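The values are calculated or read from the model by the stated rules, or taken from the named source; none is laboratory data. The model shown is predicted, which means the values in this text are computed figures rather than measured ones. Cβ placement follows ideal geometry from the backbone for every residue including glycine, while neighbour counts extend to all protein chains displayed. Accessible surface is based on the protein model in full, side chains and every heavy atom, while ligands, DNA and RNA are left aside. Shrake-Rupley method; radii C 1.70, N 1.55, O 1.52, S 1.80 Å.
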Amino acid sequence: PTDRIFERIDGEEHAKALVGRGTIMFSGHYGNLELFAAHIAKYNAVDLLVKPQSNPLVNDLIVNLRRRCGVGVIPTGGGVKQIFKSLRAGRWIAMAADQDARRHGVFVPFFGRLASTPEGPARISLQTGAPLLFGHVRRRPDGRHDVFLDPPREATLPPTEENVKALVAWYTSRLEEIVREQPEHWFWLHRRWKTAPPAGATEE
């Protein structure tokens, strides 16, 4: 049971207030995301947006473990219709938003450098009206974990490119804050700034 694993839940009231309402739950590759998703599933049905593993046997094993914890799976690269369907059904969509998004991303500041960042959480939120709920989990010295949930951000603006970029910049800045606080929890081994920004791009 996850209540044996988690010691502290900050912002639990934010999750409870969104029960039954399609919500975009997002974080970065920070702390134990699998445990985080399993805990969130206690409040509301949740689907994790993930890239399938290249080894089908390993992928099936991971998917089955997630489902045993009450976490559904939506594969990236073709699950857009399923995302909208899940949101309409009142399910939550959980995703990480700190990988290099190549030329399909939005370039926003991250640790003082422009980084190509996934726009999915922002664009889907503005298109559907689903609130954005940012959260993260941290491991304690005793091996248990603490969960932190921010107040939800309501989607009240039209899905213009400017508004999408502003939301992407906001949640990227929020992730930077928590990484600066305890960088040892950020598990990201890839080249975050691999994609160079367009010529003349600025941090404004």
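Ratio of Rg to Rh for region 151-196: 1.06 [Cα atoms; Kirkwood radius as inverse mean 1/r over pairs].
Surface composition of the chain: carbon and sulfur make up 53 percent of the accessible area, probe 1.4 Å. Computed with a 1.4 Å probe over protein heavy atoms only, the accessible area of Thr160 comes to about 60 Å². Relative contact order of region 53-127: 17 percent, from C-alpha pairs under 8 Å at least 6 residues apart in sequence. The accessible-area ordering, largest first, of the residues Glu162, Glu181, Glu119, Glu7 stands as Glu162, Glu181, Glu7, Glu119, per a 1.4 angstrom probe. Remark: for residue pairs Lys42/Lys165; Lys51/Lys81; Lys16/Lys51; Lys16/Lys165; Lys16/Lys81; Lys81/Lys194, the C-alpha separation exceeds 23 Å in Lys42/Lys165; Lys16/Lys51; Lys16/Lys165; Lys16/Lys81; Lys81/Lys194.
Taking a ≥ b ≥ c as the square roots of the eigenvalues of the Cα gyration tensor, region 73-204 is oblate, since a/c reaches 1.5 or more and a/b is not larger than b/c.
The phi torsions of region 155-160, fed into the Karplus equation with coefficients 6.51, -1.76 and 1.60 and a -60° offset, translate into couplings of 8, 10, 10, x, x, 7 Hz, rounded to whole numbers, with Gly and Pro shown as x. Can you compute the FRET efficiency between Ala89 and Thr156 using 1/(1 + (r/R0)^6), with r the Cβ-Cβ distance and R0 = 25 Å? Round to the nearest 0.05. So, using R0 = 25 Å, E works out to roughly 0.65.
For Lys85, the accessible area of its heavy atoms, probed at 1.4 Å with every protein chain present, is near 120 square angstrom. What is region 40-90 by shape, rounded, prolate or oblate, if you read a ≥ b ≥ c off the alpha carbon gyration tensor as root eigenvalues and call it rounded for a/c under 1.5, prolate for a/b larger than b/c, and oblate otherwise? Verdict is oblate for region 40-90.
Order Val147, Val106, most accessible first, counting only protein heavy atoms with a 1.4 angstrom probe.
Val106, Val147
In the context of the full set of protein chains, residues of the chain present 54 Å² of accessible surface per residue (probe radius 1.4 Å, heavy atoms only).
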